[in-house]
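The values are calculated or read from the model by the stated rules, or taken from the named source; none is laboratory data. What you are looking at is a predicted structure, and each value in this text was computed from that prediction instead of being measured. Using ideal geometry, Cβ is built from the backbone for each residue, glycine included, and neighbour counts are taken over all protein chains shown. Remember, those area values only see protein heavy atoms, side chains included, never the ligands or the DNA or RNA. Shrake-Rupley method; radii C 1.70, N 1.55, O 1.52, S 1.80 Å.
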Amino acid sequence: MTRGGLTRLVFAALAGLLAARPATGTEPWAERVVTRHVEQASLAGRLERDALARLRAAGAHLFTGRFTALDGVGRPLATQAIIPTKRKRPPETAFSRTSGMDSNACSSCHNQPVTGGAGDFVANVFVSEGFESFDFDSTDPQFSNERGTNHLFGAGLIELLAREITAELKAIRGDALAEARATGAPATRALAAKGIDYGTITAHPDGMLDLTGIEGVDADLTVRPFSQKGVMTSLRQFTVNALNHHHGMQPQERFGTRWTGERDHDGDGHDDEISVGDVSALVAWQAGLPAPVRAVPEEAAWRAAAARGETTFAAIGCETCHKPFLPLASLDFADPGPDDMAGTLRTGDVEKGAIYDLALLEWTKRLPRNDKGEIMVPLFGDLKRHRIADRQVAVLGNELLAQRFVERNVFMTAELWGVGSTDPYGHRNDLPSLDVVIRAHGGDARAARDNYLALGETERSALIAFLKTLVIEPARVTP
Amino acid sequence: MTARSHPILRLARRAAIAAAFWPAPLSADEALRDPTGDVPVMEEQARAAGLVHAYRGPWEFFVGGGAAALDCDGDRLPDLFVAGGREPARLYRNRSTAGGALRFDETPLGLDPDDLDKVLGAYPLDIDDDGHQDLVVLRLGENLILKGRPDCAFEKANRAFAFDGGRAWTTAFAASWEEGRRFPTLAFGNYVDRNAPGSPWGTCHDNRLHRPGAGPRPDYAAASALRPGYCALSMLFTDWNRSGTPALRITNDRHYYRGGQEQLWRVEPDRPPRAYRKSEGWQHLTIWGMGIAEGDLDGDGFPEYALTSMGDTKLQKLSEEADEDEPAYVDIAFEKGATAHRPYASDDLKPSTGWHSEFADLNNDGLLDLFIAKGNVERMPDFAAVDPDNLLLGQWDGTFVEAGHLAGIDRPTKGRGAVVTDFNADGMLDLAVVNREQNLSLFRNRGARTAFGTRPMGNFLAVELSQPAPNRHAVGALISVKAGNNTYSRTVQVGGGHASGHAGFVHVGLGTAERAQVRIKWPDGEWSAPYRVFANNFVLIAREADAARYWYPPEAPHADTARRKDGDSWKAGSAR
C-alpha cells in the first residue's frame, strides 16, 4: 500500500468512532498531525476487532504524520534524554542531524521496504544519553553511538516473547529465593526460558542473590528486546523515548506534570503534546505489524539453494543465537505492559489496561504452532545479548560508548526475520551485504563465522540464498 | 503538676503572641495548593498490624516519645523499638512480607522491667561492630546501651562498655565514628536539670560526650561535658561543610534556657569539643528547637536543615555569602513554603508545635519531602489543640506543598517521634509516629492517590552499606546516586529527628530513572568506584566490592502465583 493510500485509510477510520478529544486548530487544512487526541479511558479490557483497527489506524496516522510546529514539534528547552532533562537555552537550530531532533515522522526513518520497516544508512540515528553532553555536531563515536534504524515488523511478538521470558526468569529467581530461605542453604538455578540459556543465579538464605553467573540479560532479569543493544523494554518505552528524542513531541506520561511539574516541559509553547492514548495508538499499530515471512522464490534453483542454506545455517552454528523459532504462549498484548517502570505507562497506572488481541489480525493465523498450541515465532533470534567483536574480528566493535550499562562490544542478537528486505546491515547500518556482515561476526559468534568462512563458495551462496528468503512481504503489510 | 499550671504554658503563651505578630508567611489557605506530583496514600494500620502502644506520662514525658527501627533478627526488615514514657518500652518484630500488609509481633526483651520504664527515645547503631545493631536508650534517669544479639535478643551493656548512663533527663542522641577511633563517639543531649535550684528555668543540664577508649572493646569510661547545655531536644553529627569531620548540631528548647541558643560544636579528633562562636560565623538563633532533619535539597553538596519548633519550622541553608568554613545559615522556609507554622486542615490559626522532622522521598519522584510530627505539648491553650502531622511534598520548583490531608496523615493525635522507613520492602516509605497518650500511628504507603484507588509511584533504590570494622555500617558515609543529570545524596547518620532513628536500607526515590550509578564517600573520605544498579531494587554495597549485590525481601507464602503473573510482586510498580 502506498503512503497516500495508507493515509486515506487512516483518516477514514479516524472519522468517527474513536472516543477522542479535539486539539485546537482542527480545520481540514490545519498544519498539524495531532488534530484529536486518543482518549486512554476508552482503552480498557480486550478490544474488539473494530476498536483495535480504529486504534491502530490512529497509530498509523501518528506514525506517518510529519509533526508540525502546531503539533509542538521541537524541544527548545529539553534534551533528548530519556529522563526528562532541561536545557538552559535553546539550540541554535531546532533540527540537528546528530543530537536531534532529527525527523518529523517515525516513518521518515522506518520505511524500508514499507512504513514500519528499517532505514537506510542515511536514516541512522546518534545515540547519546542526552544528559551533560546533549549537543554534539560530530559523528565522531566519542560523542555518540551511530545506529541503524531497525524494522518493526513482528515487534509485538518480540515484546510478548520478552515478557514471557522475563516472567519465567523472575519466577525462577523467586523459586530459588524461596528454596534458599526454606532450606537455609544456597540454591542455584539455571536461568533458562524458551530454550535460551541466560546462565545461573544463586540465592542465599538471607535473600541475597549472586548474579555473577547471569548471561546476556540485565541484573534485574528483565529482557529488554528493543534497540540494537537490547536496552529498551517495550514498544511503549521506545515510543516515548523516540517521540521526544527524534521529534521533540513530548508524551504526557513522562514529560507531563506528574514527572516534571510542567505541561510544557520542552518550552515550545505547547502543553501535553502527546497524550497517553496517543502513545497507546502508536503501540497498538506497531505491535500489530505483521511478522516477516519466509518467501518462496519462484526460481527452482533459489528454492533448492535456500533449502541447502537453511541446513548449513544450522550446521555451522548460526542457530545457536539466531534461533529459528521461539514458542509464544499468548497473543494477548497487554498495554500497558508488565515490565515497564515509572515514566512509561505501567499496568498499575490505569484502572484497567487494554488487551490488543493479536489473534484478531489475519497474519497471526498463518503463524505455525507447536504441539502445545504455542505460536512458533520465526524470529531467528534469541533475545539475548552477546559479545560480537574480538581482537581479530573487530568490525562490529566500533562503538566507544557503553549504553545503559551494556558494554560497547555487546549487542542483542539481531532477529533475522526480514533480513532480506532491510539491507544494509550491522548496528551502524554500514555493512553492505549479508556476506559482509556474516564475516564481521566476532566474539561469541566467532566460531560460526569461521565455519562460514571455511565453507565453499557454493555453500556460502546457498546460505545467503536462504537468508534472502526472510523478507518483509509488502503484499501482506496492511495496517 | 497540671499542664494548666505549669510554667511551660506561660512561655508558650508568649510564643503564641509572638507568632501572631509575625509577618504572616503563606496563609493556611494559600499554602494548600495542590501538589503537582503523586500524593502517597498513607493508610493507618497500627492496631491491625499488631502495634498497640502509646507514649504516656507526666511532665517529664511531654517531650520525647521516640522509636528506633532496626533489623534485630537478620531478615533485613526493620523491627521497631518504641519508647513508652511511664509505660514500658516495647520491641515489635516485623513480620511483614514483601509488599504485604504490615504485621508486627511484640517480642519480650527479657530485660529488667525497670530498665524499660521511663524511656523517652532510642537510636540504633552497632557500637561494638559485631554486626548486630545495638540500641541506645534515652531515659529519664540512667541511659542504656542494649547490646544486640542474634534473634532480637538484647542485653544491658552499660557495665561491659564502661558506660555511665547518668541520671539526667535525656532527650537527644547522636553518634559518630571519629577518625582513629575504633568505636563510636556518643553524644547525649539532656533537658532540664530538675534538681538544680530554680528548676526548671535556666537549669538546662549539660550535654555529654562519650569518647571511646583505645582498647579492643568499647570503653566509655571517659566522658566530657558539652557545656553549656541549653535543653537539647535533638542533636546530629553533620558534615555541614563537607570537610570530612562532622560537627555536632544541637537544637535547643528556649522555654527553659536563659541566654541560650542553637548550637554547633566542633568535634575534632583528639581535641576537646568547642562550640562555634559568633566570630566564626555562627549566628544567634533561639527557637523552641524540637527536631533536626538533614537533606541536600538543592544538590549542591551542602546539606540543608529543617528545625522544628513551636510556630514556624526553620529551613536553613548555608549562606552564599558565608566564607569558607563559616557556618552562617539563612532561613529559606518562607520562600520554600515549608514554615508549617499552623494547622493546615482547619481554621485554627493558633501556632503549631513541631517535633520529629525527617527528609525523605515518600512519593519516589526524586524530590525530597519533609515529614513533621506535630502535637500540642499537652493542653496548651495558645497553641493548636488539633495539630496534624505534616507531609510537605517537594515540588519541581524547589518549594514544598502540604499534602498531609491528602495523604491521610491529618489525624488528631499528638505526634512526637517518628520513623520513616519501608517496613514491608515494597519500595515505598511507610511511617510510624509515636503519639503522646494515644496509640502510635503506623501508616502504610499504598502508592499514589488516583480516582480509582492507588497507582505505583516513581522508581526507587534502597542502599545498605558495609565495610570492614571499625564502623561496619559506615555511619557517616555519603551515598551519591546519579541518574541522568540528577544526583541524590543521602548520609548514613545516627541522630536527629526527635528521639528517634533508624538503621538499615537508605531509601532514594528515582522518579523516572530506570538505573543509576552509586558512588560512596566512605566515612574516611575515600570515594568508591561507581556501582551500576537497576532501579526498584534493594542493593548492598560492600567496600571494595566489584559490584553491588541485590537483596530480595521475603514474600508471602502464597506469593508464587502472583509473582508468576505479575513479575515482581513486591516492587513499587505493583502498588495496587
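Listing for the model above:
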{"item": "Residue-normalised accessible area of the protein assembly as shown, expressed per residue, 1.4 Å probe, Å²", "result": "37 Å²"}
{"item": "B:K482 versus A:S133: modelled label distance in nm, points set 7 Å from Cα along the beta carbon direction", "result": "1.3 nm"}
{"item": "HN-Hα J in Hz across the range A:217-234 - Karplus 6.51, -1.76, 1.60, θ = phi - 60°, x for Gly and Pro", "result": "8, 5, 5, 8, 6, 8, 6, 10, x, 9, 5, 4, 8, x, 10, 10, 6, 8"}
{"item": "B:E544 versus A:A314: modelled label distance in nm, points set 7 Å from Cα along the beta carbon direction", "result": "5.3 nm"}
{"item": "A:H61 accessible area, 1.4 Å probe, all protein chains in place, Å² to nearest 10", "result": "20 Å²"}
{"item": "Reduction of at least 20 Å² in accessible surface, 1.4 Å probe, comparing all protein chains with the chain by itself, residues of the range A:313-356", "result": "A:P338, A:M341, A:A342, A:R346, A:G348, A:D349, A:E351"}
{"item": "Coil-residue GluC sites (Glu not before Pro) of the range A:126-171, DSSP, other Cβ within 10 Å capped at 14", "result": "A:E132"}
{"item": "B:A225/B:A451 FRET efficiency (R0 51 Å; Cβ-Cβ; nearest 0.05)", "result": "0.30"}
{"item": "Filter on A:K88/B:K317; A:K86/B:K278; A:K170/A:K352; B:K314/B:K482; A:K86/B:K521 - keep pairs with C-alpha separation over 32 Å", "result": "A:K86/B:K278"}
{"item": "Ellipticity estimate at 222 nm from DSSP helix runs (n ≥ 4, -39,500 (n - 2.57)) divided over chain B, nearest 500", "result": "-1500 deg cm²/dmol"}
{"item": "Area accessible to solvent at B:E44, 1.4 Å probe radius, in Å²", "result": "60 Å²"}
{"item": "FRET efficiency, 1/(1 + (r/R0)^6) with R0 60 Å, evaluated for B:D348 and A:T188 via beta carbons", "result": "0.45"}
{"item": "Solvent-accessible area buried by pairing B with A, both sides, nearest 100 square angstrom, 1.4 angstrom probe", "result": "4000 Å²"}
{"item": "Potential extension, B:A322-B:A101 segment - 0.36 nm per residue separation minus Cα distance", "result": "74.7 nm"}
{"item": "Whole-percent carbon and sulfur share, accessible surface of the range B:226-381, 1.4 Å", "result": "45 percent"}
{"item": "Charge dipole (the protein assembly as shown, unit charges on Cβ, about Cα centre) - positive-most of B:H507, A:I375, A:L400", "result": "A:I375"}
{"item": "Rounded to whole Hz, the Karplus (6.51, -1.76, 1.60) HN-Hα couplings of the range B:480-487, x for glycine and proline", "result": "10, 10, 10, 9, x, 8, 8, 10"}
{"item": "Accessible surface of the range B:425-475 [probe 1.4 Å, protein heavy atoms]: carbon and sulfur percent", "result": "47 percent"}
{"item": "Anchor B:K156: lysines whose Cα lies under 26 Å away (excluding residues fewer than 8 positions away in-chain)", "result": "B:K118, B:K147"}
{"item": "Per-residue HN-Hα couplings for the range A:148-155 [Karplus 6.51, -1.76, 1.60; θ = phi - 60°; Hz; x = Gly/Pro]", "result": "x, 8, 7, 7, 10, 5, x, 4"}
{"item": "Cα→Cβ-extended label distance, 7 Å offset, between A:L401 and B:R86, nm", "result": "6.7 nm"}
{"item": "Sum of -39500 (n - 2.57) over DSSP H runs of 4+, divided by residues of chain A (222 nm, nearest 500)", "result": "-8000 deg cm²/dmol"}
{"item": "Cleavage-rule hits, chymotrypsin sites (Phe, Trp or Tyr not before Pro), the range A:217-256, DSSP coil, Cβ neighbours within 10 Å at most 13", "result": "none"}
{"item": "Estimated FRET transfer efficiency when R0 is 56 angstrom, pair B:D151-B:R532 (beta carbons, to 0.05)", "result": "0.95"}
{"item": "Shielded by partner chains, the range B:515-558 residues - at least 50 Å² of accessible area, 1.4 Å probe, vs chain alone", "result": "B:R515, B:R532, B:F534, B:R549, B:Y550, B:Y552"}
{"item": "Accessible surface ranking that places the most exposed of A:K365, B:K350, A:K229, A:K88 first, with a 1.4 angstrom probe", "result": "A:K88, A:K365, B:K350, A:K229"}
{"item": "Heavy-atom accessible area, 1.4 Å probe, ligands and nucleic acids excluded: residues of the range A:196-215 down by at least 20 Å² from chain alone", "result": "A:D206, A:G207, A:M208, A:L209, A:L211"}
{"item": "Sequence-distant residues sharing a close amide H with B:E44 (under 5 Å, placed H)", "result": "B:R444"}
